[in-house]
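The values are calculated or read from the model by the stated rules, or taken from the named source; none is laboratory data. Everything numeric in this text was worked out from a predicted model, so none of it was measured. Cβ: placed from backbone, ideal geometry, glycine included. Neighbour counts: every protein chain shown.
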Amino acid sequence: MKAFKVTGEINKPELSTPFAREVLADKSEHAVEKVYAEIGSRHRVRRCHIKINSTKELKADEIENPVVKKIITGEQ
């Protein structure tokens, strides 16, 4: 598993909200799908209202999310 940072924005009719999520996935395409699923279920947003701007693979020292960092580094 690799850590990815997916950035983008949620576009609703009268609101535009930027977001950045760190997720675990094998490929960047899987990371994007995971973000679509998480944001869609948590915020009730359809995929057509989510715009992905970038996907970046992160090194262990760049990870900010403590759960993702713990899984990647194997710390206990």
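Brief remarks on what is shown
- Test: residue in the stretch 31-54 that is in a strand (DSSP E or B), within 22 Å of Ile71 (Cα to Cα) and of a type in the set (Asp, Glu): no
- Single match in Ala31, Ala20 (criterion: small (Gly, Ala, Ser), in contact with a Phe, Trp or Tyr (Cβ under 6 Å, 6 or more places away or on another chain) and at pLDDT 95 or above): Ala31
- Residue in the stretch 1-26 that is surrounded by the fewest Cβ atoms within 10 Å (Cβ to Cβ), counting only those that are closer than 24 Å to Glu62 by Cα and either out of contact with any strand residue (DSSP E or B) (no Cβ under 8 Å at 6 or more places or on another chain) or free of Cβ contacts under 8 Å to residues at least 24 places away in the same chain (or both): Pro18
- The single condition from (1) modelled with pLDDT of 95 or more; (2) surrounded by 16 or more Cβ atoms within 10 Å (Cβ to Cβ) that Ile72 fails is (1).
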